[in-house]
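We did not get these values from a lab; they are worked out from the coordinates using the rules stated. Model, not experiment: these values are computed from the prediction. Note that we place each Cβ from the backbone using ideal geometry, even for glycine, and neighbour counts take in every protein chain shown.
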Amino acid sequence: MGYYGNKSATLQQLRDGGADLNFSALPAFGTVDAIHLPAIQVQHADGDLNLELKVTDYQTSSDDRSQLHIFTMTDKLLPVTVKVFYKAYKNVDVIETWTEISHKEKRAITLKRFDSGHLTLRQGDVWISHLHGNWAAETEPTTEPLTQGLKTIRNTDGARNSHLDAPELMISLDGEPQETTGRVIAAILCWSGNYELRINTTGHRQHQFYAGIDPMSSEYVLEPNELFETPHLALAYSEDGLGGASRTIHRWARTEGMFHRGMKTGDILLNSWEGVVFDGGELFVMDDGWFGDKYPRNNDSSSLGDWVVDKRKLPGGISTLTQAARQRGIKFGIWIEPEMCNTVSELYEKHPDWMLQTKGRELKQGRGGTQVVLDLTNPKVQDFIFGIVDNLMTQNPDIAYIKWDANASIQNYGSLYLPKDKQNNISILWHRGLINVLKRIRAKYPDLVMQDCASGGGRANYGLLPYFDEFWVSDNNDALQRVYIQYGTSYFFPANAMAQHIGGSPYWNTGGRVIPIKFRCDVAMSGRLGMELQPRHMSQEEHDQCTQAFADYKLLRPVVQTGNLYRLISPYNRKGVSSIMFSNDAMDHAVWFVYKVDNYVDQPLPRIQLAGLDPERSYTITERNIKVGQKPCELNGKTFTGRFLMDIGLEVPLASDYASRIFELK
Ligand code: DGJ
């Protein structure tokens, strides 16, 4: 029996009201009828394909933050145990669910499907929204009604999982998704590898939702007494539309889903990949290219694995840079790509068996024509990867930040470490190996700030965010496209997790698009601000605007990074503008961003109604990051009630192409 929705309903009321609550929590192959898909399927040691689960135990416990419910089920014939967990948080409307599978059969069994969770939804005008994209074009919200048949959202990269389709989903229960109204269930699969989100709509008044690791690449061979734990599936519920669901997820992420950043804010970061140091920044990060001895990293076709300083480029080593940073009062960070190797490297020469590969088959090589993936199922490889960070940190305790990149997919499904009969387990053990390493790093270096990066936003997922402070949103730093990318990303991720950098103009990746520096700053300032500009190439105007942006950002940062997000106007709605705002819990401080995303003569721009304010309170508006050399617009200094701002709204002067405004409300 099951129900997920408004808390005030009791099961008795629901039943009296005609609801059919007789759903299986975890439909099992061998028990389910012909209509329902299984959420769990095993093949027993003797070849039997059936699982007939009955509940044999129930336990519950509670602590300050959550209540845990554990249902233990066993097969009627063979000694297989499946525990289903539900963890309900007290301060936020989120339930996490997952399962544990174990057995006492004589030999290994095969897990053919092992979803983290399953929900039965009443059939109706139900829509789904998920994030779809590509490299440098991540996270476009894609929305569609559920119709009869099976809808599957999946990923097959192996190492990263959020470039194309992301492992999160919004399910809108009251018709076409709205930003501020309607019941929404958000589902987040906390896993960094291949996954499947499935919704099966049958003729039986039901949408069946399933989420779990993709079994195609990873039917798992489970030994007797081995415990298999699935990733957690976090389910958030809101009656305030997509926006409410996002705020619920952000709140959960800040307390449960991310490493210690939580309500902390991130520093203004200056990254060397597309640019370097600048006054007012707080953290300098040296990106790719600093390493390699026998094989210097002069392009992307060599050296991954050889994590020694290239003395030709940095004769004084890393310490010269950490000292220089310290003298300037800024922190120092460094880029690594630890799970990867180039076949042109000393590591490859020494340990060719450490790469994922299959004997006799040609080694497929990725980026630069030579990149391969290390075999993280091998504990020695895990030690090596832990050692990369440990050596850097031991030799340079001043390193405050690590950008952890991953620029290759798993293309060679073979491990020389795992025995023949465990090759099926590569996908899962690889990600578990990665998490083992990250746990060791976090245990030893809890204060190190780490960015989760994978060719841009390839690893924006809650499988890895428990070990990272933030992620790199996209390799696309074109501010216009970033308005769209950041808008989509905000569906599931809070602003202090989103690394957003001011990029160059003309921008290399969008055909040389030229965007004014004021717009570029304003777009980056709505997350964790950073910069990828090369100072030697910056104009005076860029220099002056960035100086002002940094100073103003420091005033706005607490609200932007840890406030409640309200998406006011979507760039996808083609209203000429896109607008978002953040307000703090006390509703006495808010920051409002407005971006003009297209421009034509006689264009009717919307009056923008604000949100997240106290209707009874008065707010005075201060324009921030004003275009250098210009005066603030006429809204500056005006005072309005929260009620007026939310019910009537304001008209924002946006005259030109790429006009943008940032307002602080107090
Ligand atoms: C991909 C990242 O997304 C970039 O920011 C940069 O770090 C490059 N890799 C370096 O190779």
If amide hydrogens are placed 1.01 Å from N in the peptide plane, which non-local residues have theirs closer than 5 Å to the one on M73? T56, V82, K83, V84
Amide N of the range 509-537 lying under 19 Å from the label point, which is placed 7 angstrom from the Cα of Q630 along Cα→Cβ: 514-526
For the chain, build the charge dipole from Cβ charges (+1 Lys, Arg; -1 Asp, Glu) around the Cα centre, then report which of F644, I402, T139 sits farthest towards its positive end. I402
Förster radius 25 Å - calculated FRET efficiency between N599 and E140 (Cβ-Cβ, nearest 0.05): 0.70
From the square roots a ≥ b ≥ c of the eigenvalues of the alpha-carbon gyration tensor of the range 378-487, which class results: rounded (a/c under 1.5), prolate (a/b over b/c), or oblate? oblate
Report the local net charge at S102: Lys and Arg +1, Asp and Glu -1, summed over other residues whose C-beta lies under 12 Å from its C-beta. -4
Which residue, G333, L235, I435, has the largest displacement toward the positive end of the dipole of the chain when charges sit on each Cβ (Lys, Arg +1; Asp, Glu -1)? G333
Report the extension gain between R326 and N298 in nm, rounded to one decimal, defined as 0.36 nm multiplied by the number of residues separating them, less their alpha carbon distance. 7.3 nm
Sort 534-545, 228-239 by the packing proxy (mean of other Cβ within 10 Å over each peptide's residues), most packed first. 228-239, 534-545
Charge dipole (debye, nearest 20) of the chain; +1 at Cβ of Lys and Arg, -1 at Cβ of Asp and Glu: 540 debye
Can you tell me how much longer the chain between E651 and D46 gets when fully stretched, taken as 0.36 nm per residue apart minus their C-alpha distance, in nm with one decimal? 210.7 nm
Mean Cβ-within-10 Å packing, highest first, puts peptides 609-619, 167-177 in the order 167-177, 609-619
Just to check I understand the Karplus step: with θ = phi - 60° and J = 6.51 cos²θ - 1.76 cosθ + 1.60, what whole-Hz values come out for the range 615-625, glycine and proline as x? x, 7, 8, 9, 10, 9, 9, 10, 7, 10, 6
FRET efficiency for E346 and E541, using Cβ-Cβ distance with R0 set to 35 Å, rounded to 0.05: 0.15
Compute the length gained on full extension between E223 and T255: take 0.36 nm times their separation in residues and subtract their Cα-Cα distance, giving the result in nm to one decimal. 8.0 nm
For the range 114-131, Karplus couplings with θ = phi - 60° (6.51, -1.76, 1.60), whole Hz, Gly/Pro x: 7, 5, 6, x, 8, 10, 10, 10, 5, 5, x, 8, 9, 10, 10, 10, 9, 9
Over all directions, the average projected area of the alpha-carbon convex hull for the range 11-241 comes to how many nm²? 13.9 nm²
Show which aspartates and glutamates lie in cross-link reach of K420 when reach means a straight Cα distance below 12 angstrom and same-chain residues fewer than eight apart are skipped. none
Compute the separation of the alpha-carbon centres of the range 582-607 and the range 116-163 and state it in Å as a whole number. 29 Å
How large is the charge dipole for the range 1-103, taken about the Cα centre, if only the Cβ atoms of Lys, Arg (+1) and Asp, Glu (-1) carry charge, to the nearest 20 debye? 300 debye
Spin-label pair T181/N573, simplified geometry with 7 Å Cα→Cβ offset, distance in nm: 1.3 nm
Can you bin the range 32-152 into rounded, prolate or oblate? Criterion: square roots of the alpha carbon gyration tensor eigenvalues sorted a ≥ b ≥ c, rounded for a/c under 1.5, prolate for a/b above b/c, oblate for the rest. oblate
Does the range 530-666 come out rounded, prolate or oblate by the C-alpha gyration tensor, with a ≥ b ≥ c the root eigenvalues, rounded set by a/c under 1.5 and, if not, prolate when a/b is larger than b/c and oblate if not? oblate
For the range 386-429, take every pair of Cα atoms, bin their distances at 10 Å starting from 0, and report each bin as a whole percent. 21, 30, 27, 20, 2
Tell me, what HN-Hα J-couplings in whole Hz come from the Karplus equation 6.51 cos²θ - 1.76 cosθ + 1.60 at θ = phi - 60° for each residue of the range 281-289, using x for Gly and Pro? x, 10, 8, 9, 10, 8, 7, 3, x
Highest-first arrangement of 349-355, 521-527, 97-103, 366-372, where packing means the average Cβ count within 10 Å: 521-527, 97-103, 366-372, 349-355
Take the Cβ-Cβ distance between N584 and L314 as r, set R0 to 51 Å, and report the resulting FRET efficiency rounded to the nearest 0.05. 0.75
Span from the the range 178-192 Cα centroid across to the the range 323-355 one, whole angstrom: 37 Å
13 Å cut-off, amide nitrogen to a point 7 angstrom out along D353 Cα→Cβ, residues in the range 417-446: 417-419
For the range 5-48 and the range 524-540, what is the centre-to-centre distance using only Cα atoms, to the nearest Å? 52 Å
Average projection area in nm² (convex hull over Cα atoms of the chain, one quarter of hull surface): 31.0 nm²
Counting pairs of alpha carbon atoms under 8 Å apart in space and at least six apart in sequence, what relative contact order in percent does the range 73-225 give? 27 percent
